[in-house]
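Asks: Handing you a structure now.
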């Protein structure tokens, strides 16, 4: 009884809270998300035309760069090295308790 009352109170308070309203999203001529009302921003609710969107996507470089690939490989290798360097735990010999 003592533990259910605070949980029930918290649940009721969360259900009674009003939802937060977000500001509208606006884009500029190059397809970047910007704050509405800034110079170069499209009007609220207006998006790039399909031709402009395709041109923007075509201009972006596909895939990862060599530096990003090397960094990711080193990160994964470092994690495996840390796992390999962990001390042996009690009962490490592999025998199962019957």
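The values are calculated or read from the model by the stated rules, or taken from the named source; none is laboratory data. Every value quoted in this text rests on a predicted model; they were computed, and no experiment measured them. Positions of Cβ are generated from backbone atoms using ideal geometry, with glycine treated the same way; all protein chains shown enter the neighbour counts.
Asks: Those residues that are farther than 15 Å from residue 26 by Cβ and part of a loop (DSSP other than H, G, I, E, B), I need them from the stretch 40-67; list them, please.
Replies: 49, 60, 61, 62, 63, 64, 65
Asks: Of the residues 63, 40, 45, 31, only one is loosely packed, with under 10 Cβ neighbours inside 10 Å and in contact (Cβ under 8 Å) with a residue 12 or more places away in the chain; which? Even if it seems obvious, please write down each step before you answer.
Replies: Values: 63 fails: in contact (Cβ under 8 Å) with a residue 12 or more places away in the chain; 40 fails: loosely packed, with under 10 Cβ neighbours inside 10 Å; 31 fails: loosely packed, with under 10 Cβ neighbours inside 10 Å.
Answer to the selection: 45.
Asks: Just to check your reading of the model, which residue among 70, 76 is part of a helix (DSSP H, G or I), surrounded by 11 or more Cβ atoms within 10 Å (Cβ to Cβ) and at pLDDT 90 or above? Steps first, answer last, please.
Replies: Numbers: 76 fails: surrounded by 11 or more Cβ atoms within 10 Å (Cβ to Cβ).
When all the criteria are applied, what remains is 70.
Asks: Looking at the stretch 15-22, can you tell me whether even one residue there is without any contact (Cβ under 8 Å) to a residue 60 or more places away in the chain, surrounded by 10 or more Cβ atoms within 10 Å (Cβ to Cβ) and on the phi < 0 side of the Ramachandran plot? Break it down stepwise before answering.
Replies: First pass over the stretch 15-22, keeping only residues without any contact (Cβ under 8 Å) to a residue 60 or more places away in the chain: 15-22.
If we keep only those that are surrounded by 10 or more Cβ atoms within 10 Å (Cβ to Cβ) too, we end up with none.
No, the stretch 15-22 contains no residue that is without any contact (Cβ under 8 Å) to a residue 60 or more places away in the chain, surrounded by 10 or more Cβ atoms within 10 Å (Cβ to Cβ) and on the phi < 0 side of the Ramachandran plot.
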